[in-house]
1. Of all residues in segment 85-106, which are within 16 Å of the ligand (Cβ to nearest atom) and either more than 18 Å from HIS60 (Cβ to Cβ) or not polar (S, T, N, Q) (or both)?
2. How many of the residues in segment 32-75 are open to solvent by 50 Å² or more (accessible area, probe 1.4 Å) and either within 16 Å of the ligand (Cβ to nearest atom) or not polar (S, T, N, Q) (or both)?
3. Give me a count of the residues in segment 107-156 that are small (Gly, Ala, Ser) and in contact with a Gly (Cβ under 6 Å, 6 or more places away or on another chain).
4. Of the residues that make up segment 101-109, is at least one touching a residue at least 12 places away in the same chain (Cβ under 8 Å) and on the phi > 0 side of the Ramachandran plot?
5. Output the residue which, of all residues in segment 213-228 that are in contact with a Gly (Cβ under 9 Å, 6 or more places away or on another chain), touching a residue at least 24 places away in the same chain (Cβ under 8 Å) and not in a strand (DSSP E or B), is most open to solvent (accessible area, probe 1.4 Å).
6. Please name all residue pairs, on different chains or six or more residues apart, with Cβ atoms under 6 Å, provided the first residue is in segment 153-164 and is among the polar types (S, T, N, Q) and the second residue is within 11 Å of the ligand (Cβ to nearest atom) and open to solvent by 10 Å² or more (accessible area, probe 1.4 Å).
7. Looking only at segment 337-357, which residues are charged (D, E, K, R) and under 20 Å from ASN129 (Cβ atoms)?
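The values are calculated or read from the model by the stated rules, or taken from the named source; none is laboratory data. Quick caveat: nothing in here was measured; it's all calculated off a predicted structure. For neighbour counting, all protein chains shown are included, and Cβ atoms are generated from backbone atoms with ideal geometry for every residue, glycine included. The accessibility values were calculated without ligands, DNA or RNA, using every heavy atom of the protein model including side chains. Shrake-Rupley method; radii C 1.70, N 1.55, O 1.52, S 1.80 Å.
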Amino acid sequence: EKGTYPYYMLKEIDEQPAVMRKILQHYQGEQQQLEIDSAITETMLASDRIYIVACGTSYHAGWVGKQLLESLTHIPTEVHLSSEFGYNTPLLTENPFFIFLTQSGETADSRQVLVKVNELNHPTLTITNVAGSTLSREAQFTLLLHAGPEIAVASTKAYTAQIAVLAVLADVVGKAKGLAQNFDLVHELALVATGMETIIDEKERLEQLATEYLSVSRNAFYIGRGMDYYVAMEAALKLKEISYVQTEGFAAGELKHGTIALIEEGTPVMAIITEESIAGHTRGNVQEVKSRGAHSMIIAMEDVAEEEDQFILPQVHSLLTPLISVIPTQLLSYYTSLHRGNDVDKPRNLAKSVTVE
Ligand code: F6R
């Protein structure tokens, strides 16, 4: 039930702090430490490479997952689009471990890969929001997102839930491998939940930014580097699918290799900056587009923010920044779609679960 909310999407955006806490609850054992089925941990520790397979928003969560898994488990990880994998299968290592990321658990493109991988007898894990879904039943292992039903076509809380569950998985496997970790994920995810609330409380500011930057433009760009690039891809998908503004998510440094030709007077360019090591470079890229007339917006995390930045994000651990930086982009998409008079929850040409290849 959406209750007093005008659209499910807004309700689902608001639910994200609670989803973070629910995930912590579900994956905490008696001593408060994070736990998952030890068969999953053992199988992953025996593998020499992780292959993440997904579509759309789940694919974008997969890129953040790669970063988390490689940082915390030191197992090389690849991310693949389901619809490409079947026909353009990458070279597999001797002991691959497959992770299928799918909110619905019913996506046909992902299922066709799972069927093939099962024929090869490789271990498989589905991370899904829907217990008993097709991809959950057909994979060897399942981890649930515990995000509650997601009704709006545009995925929001499933994206952040996928990242949080991947963080839990990476943390547990990394510890089982004996890798020293200098952070307490339970504590850091609790900080994320609080940070999300802070941003959600700033809806009015984001509605104002949506009006100022995105109410009339036909196209737009999100740029970032590293984790911020992964979020830029997701932010662009979210904006285009519900507002119909043609949007690209771009690696900030790659713009000057061609795409900068598209920047005109007034083109909105939203830059995401969460990390010290890339902040200077991305700010340089913002200057480049600005001097070509772009209407630039900087969304920056506290420690690297400057006073004139348009939106400041509460500080969280560097491996978890996407959980925070994606929130304002979800709200910018929501308000842009709303102001343009679109049906926010049911964008044209799209269905919630895509059961054809
Ligand atoms: C975008 C969106 C889609 C889905 C994609 C995969 O907001 O919802 O891109 O992420 O169709 O769906 P699942 O995760 O159900 O496999």
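1. Residues satisfying the conditions are PHE85, GLY86, PHE98, ILE99, PHE100, LEU101, GLY105, GLU106.
2. Going through segment 32-75 one residue at a time, the tally reaches 10.
3. Going through segment 107-156 one residue at a time, the tally reaches 2.
4. Yes, some residue in segment 101-109 is touching a residue at least 12 places away in the same chain (Cβ under 8 Å) and on the phi > 0 side of the Ramachandran plot.
5. Filtering segment 213-228 for residues that are in contact with a Gly (Cβ under 9 Å, 6 or more places away or on another chain), touching a residue at least 24 places away in the same chain (Cβ under 8 Å) and not in a strand (DSSP E or B), the one most open to solvent (accessible area, probe 1.4 Å) comes out as ARG225.
6. SER155/THR57; SER155/GLN103
7. Correct list: ASP345, LYS346, LYS352.
Let's see how each residue does on (1) within 12 Å of the ligand (Cβ to nearest atom); (2) more than 30 Å from ASN182 (Cα to Cα); (3) among the aliphatic types (A, V, I, L, M):
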{"residue": "SER318", "(1), (2), (3)": "no, no, no"}
{"residue": "PRO328", "(1), (2), (3)": "no, no, no"}
{"residue": "LEU331", "(1), (2), (3)": "no, yes, yes"}
{"residue": "ASP345", "(1), (2), (3)": "yes, yes, no"}
